[in-house]
Amino acid sequence: MATDNDAKLAVLIDADNAQPRIIEALLAEIAKYGTAHVRRAYGDWTGPNLKGWKDELLAQSIQPMQQFAYTNRKNSTDSAMIIDAMDLLYTGRFDGFCILSSDSDFTRLASRIRESGLTVYGFGERKTPKAFVAACDKFIYTENLTGPTAPEPVQLSAAAQLRNNAALLNQLRNAVEAASDDDGWATLSHVGQILTNQSPDFDSRTYGYSKLSDLITAINLFDLERRDTGAGKKALILVRDKRRRTKKEG
C-alpha cells in the first residue's frame, strides 16, 4: 500500500453520513498518505440537515456536490458518489481514494477501486459495517481523529490490562513474527504494514496511544531497539518478542 506523500488522492465525503467538525482532523490525517487533489462533499445542500457544513467547506476548499433527495427511501447521495468515483478512477490521474462514510453501500466501490490497483483509505465511525472496513486498504475510525470532543477511545494505559487483551497480543505477536529475521528482530514499519494488511482498522489510537511504538512499549512484552542507519538518515526502530531472547541475553 502506497504511503508516499506525493500520492494523488481523491477525497469523497458522504456529508449525509458524517459530521463537519471532523473535517480538519480528517484532512490532516489524509496528508500523511498523500495530497488531496480532489475534495468533494455530497448531499442535499438545500435541506436543513447540512447547514453546519458551510464554514468547513469554505475553510477547507471542499466542493459541495448537490444531490437532491428524490425519495425518502433511496439514498441519492451514495449513488452520486459512486458514479463520480468511477469517473475519477477512469481518468487514471489518481493513486488512491479517501472515502468518508459509515455506510456499507460503499463496500463494492472500495473493492472495485482496489481491483484497479489503487489504494483505498476509508474513514467512518466505529459503527461502520465490517464489510466496508475490510474492503479498504486502511480504515481509520473518526473517533480516533477528533480528540477530546469525541467519545474517549478505549484507554488501556496499564501494561497489565494490555497484556490481558489476547486478541491484541496475538495480532502484535503474529505481525512481529511474520516480519522478523532469524534473530527475531523486525522493523517497526514492516510490523505496522502487516497489521494494516491483516486488519485495515488496526490503529494504536484505539488503545489510547498515538504511535505503534508507544503501544508496544506499554505492553512491555517486546524489546524495542533503535539502530543508526548512517549520517543524516532516520534511525530504524526494531521490535522483537521478548520470548525470542537468547539465554545469554537473559
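Throughout, read-outs are computed from the coordinates displayed, never taken from laboratory work. What you are looking at is a predicted structure, and each value in this text was computed from that prediction instead of being measured. Heads up, the Cβs are rebuilt from the backbone with ideal geometry, glycines too, and the neighbour counts pull from every protein chain shown.
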Sorted by chain and then number, the residues having a modelled amide H within less than 5 Å of the amide H of W45, at least 5 places away or on another chain, are Q67
Asserting the computed 222 nm helical MRE of the chain (DSSP H runs at least 4 long, -39500 (n - 2.57) per run, divided by residue count, to nearest 500) equals -9500 deg cm²/dmol
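Taking a ≥ b ≥ c as the square roots of the Cα gyration tensor eigenvalues, with a/c under 1.5 meaning rounded and otherwise prolate when a/b beats b/c, else oblate, which class fits the range 8-149? If you can, show how the numbers build up before the last one.
Numbers: a/c = 1.31, a/b = 1.14, b/c = 1.15.
Rounded.
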Relative contact order in percent for the chain (Cα pairs under 8 Å, 6+ apart) equals 14
The residues T142, T206, T46, sorted from fewest to most surrounding Cβ atoms within 10 Å, come out as T46, T206, T142
Checked the range 159-244 against the a/c 1.5 cut and the a/b vs b/c comparison, axes a ≥ b ≥ c from its Cα gyration tensor; verdict prolate
Given a Förster distance of 51 Å, the FRET efficiency implied by the Cβ-Cβ spacing of R243 and S104, rounded to the nearest 0.05, works out to 0.80
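Using only alpha carbon pairs under 8 Å that are at least six residues apart, calculate the relative contact order of the range 8-149 and give it in whole percent.
Taking the mean separation of contacting Cα pairs over the length of the range 8-149, I get 25 percent.
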Residue-ordered couplings for the range 41-55, obtained by feeding phi - 60° into the Karplus form 6.51 cos²θ - 1.76 cosθ + 1.60 and rounding to whole Hz (Gly and Pro as x), are 10, 10, x, 8, 6, 7, x, x, 5, 10, 5, x, 7, 3, 4
Options (i) 18.9; (ii) 19.8; (iii) 18.0 are given for Kirkwood radius over Cα pairs in Å, and the computed one is (ii)
